């Protein structure tokens, strides 16, 4: 298995956690998102993924893109340990929690969007930070409410074993900390983050421990 | 089954298509996104979905949020006709196509983001339209490449029956047309859009045909 990754790409980070949780060994191929004008724009990488986004996972001849689609693929192809619960309602809950991060927070704050704000809209650093923190704050407030009020929340986002939603939560919190967001209003989210970071599968997937970390 | 929906909400539109394709009758409850300061912010709606976003589907005591999680739920609970193909690789492909729209295009262009651009960043109408068209153009260019070059593409995004990716594609094109995006560079995407719109399941889910259409 070959994972095209960048240490700081939070979508790649999600997949690294899932691969570790499932104890699937993989070869990591670094795609540097800023060096050489962004290696994701190279014709070589475009041939793999016309969307020019990380991560890409190659497995058994398949070229897989979009981190959540990759997590679902891994779940179907390598079901143990499971990242989704057994019940249809539980699965819907975990997917919704994952999408609350993957659709509602992360897309607004990734590198290309922040670049557009600076370069095209000439937004200054302070406004850009406020933009970042606005979407993180709004998204995490909703996540906190759901996690705090729901009996299905356990040590992790869903019950007492880590799963798909935790694979999404940890990279988002890592990013929020990098941008110095105030996270004190999200105690349940942070309790789960700490719980995850106590596990080697999560810790080993962290940006600082990647071979391509700057 | 009860769907909390707004005629122009494109995430609601995805779910309306899926419900129609699966021939599942439902009661539609209108949540007006701009009247009364945005009915999604009412305490009544917040109790259903703390994220204050549409759609919400209520089914058999479950309260389901996030359109793609709802589509997966419907697929598991009401498998026929299927919105995902049988093979793991095919399912990964359809999910990736869906997420290319749901994570990479739509979140950047929805109502609350456009509002933030105007109200917080004082971006003018022309810059806002350029922002909108930039993300639509970038996202659809990647989608076009994938659909055009891939043998799995058929009458629809995947093969000759409509599925999850088509449920995402149609509302995105509807929105792009509303914002007068130039779509001439995306012939495969538009061929599939037209193919979908020839089916009553898609046509009946369209904004203009909703009971709450303004």
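What value does chain A have for Rg/Rh, both radii from Cα atoms and Rh as Kirkwood defines it? Rounded to two decimals, Rg over Rh is 0.95. Shortest first, residue B:29 label-point distances to identical copies amount to 4.9 nm, with the label point at 7 Å from Cα along Cα→Cβ. Here each label is just a point 7 Å from Cα along the line to Cβ, and for residue A:191 and residue B:180 those points are 5.3 nm apart. A Förster radius of 30 Å, combined with the Cβ-Cβ distance separating residue A:77 from residue B:148, puts the computed FRET efficiency at roughly 0.65. Here residue B:46 yields copy-to-copy label distances, from shortest upward, of 4.8 nm, the label point defined as 7 Å from Cα along Cα to C-beta.
Taking 0.36 nm per residue of separation and subtracting the Cα-Cα distance, full extension of the segment from residue B:58 to residue B:126 would add 20.5 nm. With a simple spin-label model that places each label point 7 Å from the Cα along the Cα-to-Cβ direction, the separation between residue A:43 and residue B:204 comes to 5.0 nm.
Closest approach of a chain A beta carbon to the axis mapping chain A onto chain B (residue, whole Å): A:107, 2. When residue B:126 is represented by a point 7 angstrom out along its Cα-to-C-beta vector, the spacings to that point in the other copies are 2.7 nm, nearest first. As a ratio to 2.2 N^0.38 Å, the alpha-carbon radius of gyration computed for segment A:88-200 takes the value 1.11. Relative to one another, the C-alpha centroids of segment B:99-123 and segment A:130-166 are positioned 22 Å apart.
Adding -39500 (n - 2.57) for every DSSP H run of four residues or longer, then dividing by how many residues chain A holds, sets the calculated 222 nm ellipticity at -16000 deg cm²/dmol.
Projected label points at residue B:213 and residue B:27, each 7 Å from Cα along the beta carbon direction, are separated by 2.4 nanometres. Taking every alpha-carbon pair under 8 Å whose residues sit at least 6 apart, segment B:88-200 reaches a relative contact order of 32 percent. Counting only other chain Cβ atoms within 10 Å of each residue's Cβ, the peptide A:83-96 averages 5.
Could you grab the relative contact order for chain A? Cα pairs under 8 Å, six or more apart, rounded to a whole percent. Walk me through the intermediate numbers first.
On the way: 256 pairs, mean separation 55.6, N = 214.
About 26 percent, as a whole number.
Using a Gaussian network model of chain B in which every pair of alpha carbons under 10 angstrom is joined by a spring, one finds that among B:143, B:199, B:54 the greatest mean-square fluctuation is at B:199.
Since every read-out is calculated from the coordinates, none of them should be taken as a lab result. Worth saying up front: this structure is predicted, and the values here are computed from it rather than measured. A quick note on method: Cβ atoms are made from the backbone with ideal geometry, for glycine too, and the neighbour counts reach across all protein chains shown.
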